[in-house]
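The values are calculated or read from the model by the stated rules, or taken from the named source; none is laboratory data. On a predicted model such as this, the values are computed, not experimentally measured, just so you know. Cβ coordinates were reconstructed from backbone atoms using ideal geometry, including for glycine residues, and neighbour counts include every protein chain displayed. Remember, those area values only see protein heavy atoms, side chains included, never the ligands or the DNA or RNA. Shrake-Rupley method; radii C 1.70, N 1.55, O 1.52, S 1.80 Å.
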Amino acid sequence: MQARTSSYTQSRVGTLVEVNRLVVVYIVNLLMYAIPLTLAGVGIQKSQPAPEWFANSMFALLAEPTPLWQFWTALIENCSFITVALIITLVNYHAAVALLLSSRGILQTMHTVVYTTSAYLAAIFTLVMHLSTSPSIQVADDLVINVQKAFFYFFIDTLGSNLELPQGRPEQILITNVTQEGQLVIAGLVLSLLYYLYSLYLGARLNHGTSRVTALLVIGAVGAAPALYVVGIILANTYGAV
């Protein structure tokens, strides 16, 4: 978790070496998360045939073209989702640290995100995908979607907007109908989210040398980012339609 601050500030060569090391570590970790996820069937679309150029390429010699194409496209999609989430975290987190005048440099933030936060982001992504694709935990999936709807509509109603989500408003769901598997997945989702925030807190404390209060403010700023994103969408749709 703790970065070596001195090695980041010795020279440009040392900085480039450290950047390359962090990128390599991230790519290795990403593949370790995404490959088992894809092999488990997450993101694979069975109805998607292989294009002709792929079927006639050297890759088709390794296996049947269509299953291989479905695997590669799903792997790229899964890697993309995790990477986008990581980039959003990196930008929001470093912006918060910088605004609070506590930044020791972008490499310290990269170290925090690459070595710890990426694991919890991958876990959250995996659990959300499992919720959305497993019929046996449909009620749990509906419950999580309901929470997301309630989050959106809280700001829609607060801003007095007439915006309506395609899925409609939250519906009443009996928590007692959530299966044991669904409860475990939701619990895993909550724990992953808490550890995700805690890893950011530790990163601020150890890598940027912030106080406890400043580290908590950083976490608050990161936590506020989804709310600002939702407010931005609502205002854009409200005033953009005028």
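Where residues in segment 193-212 are in contact (Cβ under 8 Å) with a residue 60 or more places away in the chain and open to solvent by 20 Å² or more (accessible area, probe 1.4 Å), which of them is farthest from the chain's Cα centre (by Cα)? Ranking the candidates gives G209 first. Scanning segment 90-118 for residues that are of a type in the set (G, A, S) and out of contact with any Ser or Thr (no Cβ under 7 Å at 6 or more places or on another chain) yields A95, A96, A98, S103, G105, S118.
Scanning segment 81-102 for residues that are at pLDDT below 90 and small (G, A, S) yields a count of 2.
Looking at V128, is it touching a helix residue (DSSP H, G or I) at 6+ places or on another chain (Cβ under 8 Å) and either aromatic (F, W, Y) or open to solvent by less than 50 Å² (accessible area, probe 1.4 Å) (or both)? Break it down into steps so the answer makes sense when it comes.
Working: touching a helix residue (DSSP H, G or I) at 6+ places or on another chain (Cβ under 8 Å): yes; either aromatic (F, W, Y) or open to solvent by less than 50 Å² (accessible area, probe 1.4 Å) (or both): no.
For V128, the condition - touching a helix residue (DSSP H, G or I) at 6+ places or on another chain (Cβ under 8 Å) and either aromatic (F, W, Y) or open to solvent by less than 50 Å² (accessible area, probe 1.4 Å) (or both) - is not met.
Summed over segment 86-102, the residues that are surrounded by 17 or more Cβ atoms within 10 Å (Cβ to Cβ) and aliphatic (A, V, I, L, M) give a count of 5. On the stretch given as segment 71-85, residues that are open to solvent by less than 20 Å² (accessible area, probe 1.4 Å) and among the hydroxyl-bearing types (S, T, Y) total 0. The set of residues from segment 164-192 being part of a loop (DSSP other than H, G, I, E, B) and surrounded by 17 or more Cβ atoms within 10 Å (Cβ to Cβ) comprises P170, V178.
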